[in-house]
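J.: Sharing a structure below in structure tokens format, with a few things to ask.
The values are calculated or read from the model by the stated rules, or taken from the named source; none is laboratory data. Note that the coordinates shown come from a computational prediction; the quantities given were computed from them, not determined experimentally. All Cβ positions, even for glycine, are placed from backbone atoms using ideal geometry, and neighbour counts span all protein chains on display. These area figures cover heavy atoms from the full protein model, side chains too; ligands, DNA and RNA do not enter into them. Shrake-Rupley method; radii C 1.70, N 1.55, O 1.52, S 1.80 Å.
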Amino acid sequence: QVQLVESGGGLVQAGGSLRLSCAASGRAFGGSRMGWFRQAPGKEREFVAAIKWSGYPSYADSVKGRFTISRDNTANTAYLQMNTLKPEDTAVYYCAIDRQNRIGNMGSAFDYWGQGTQVTVSS
């Protein structure tokens, strides 16, 4: 059973920063690609960022230059550093794991998901 547990969400003013963490259980983390997605009220889930086992990152255009994804393979944890936050970044953020290192950043490429953590950016 793979478990992903997100933490670090909260309320922040526009222009502020938050750091999300995603802790993966057991052997799930090794060799896998990790991803972050978000879903705002009334909107579809969207890709935010992903990072390969090697550390190679990819980002949605909307967060490039503001968000940084990273991972600590010894701690089985992925991170999302979010800077210069905007009200439109408000959403529930989900961590996901792709154990097959598939091509593409669609949600269907990821096997397991965390429960989500709320990020609210006030104007």
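J.: Kindly indicate whether any position in the stretch 88-96 is modelled with pLDDT under 95 and of a type in the set (D, E, K, R).
T.: no
J.: Here's a follow-up. Condition first: surrounded by fewer than 17 Cβ atoms within 10 Å (Cβ to Cβ), of a type in the set (A, V, I, L, M) and part of a strand (DSSP E or B). Now tell me which residues in the stretch 1-20 satisfy that.
T.: Val5, Leu11
J.: Quick one: in the stretch 35-82, which of the residues that are of a type in the set (Phe, Trp, Tyr) and closer than 14 Å to Glu6 by Cα is most open to solvent (accessible area, probe 1.4 Å)?
T.: Tyr79
J.: Return the residues of the stretch 32-65 that are of a type in the set (S, T, N, Q) and farther than 17 Å from Asp89 by Cβ; say none if nothing qualifies.
T.: Ser32, Ser54, Ser58
J.: Turning to a different aspect of this structure: Mind listing whichever residues of the stretch 87-101 are in a strand (DSSP E or B) and open to solvent by 10 Å² or more (accessible area, probe 1.4 Å)?
T.: Listed by number, the residues that qualify are Val92, Tyr94.
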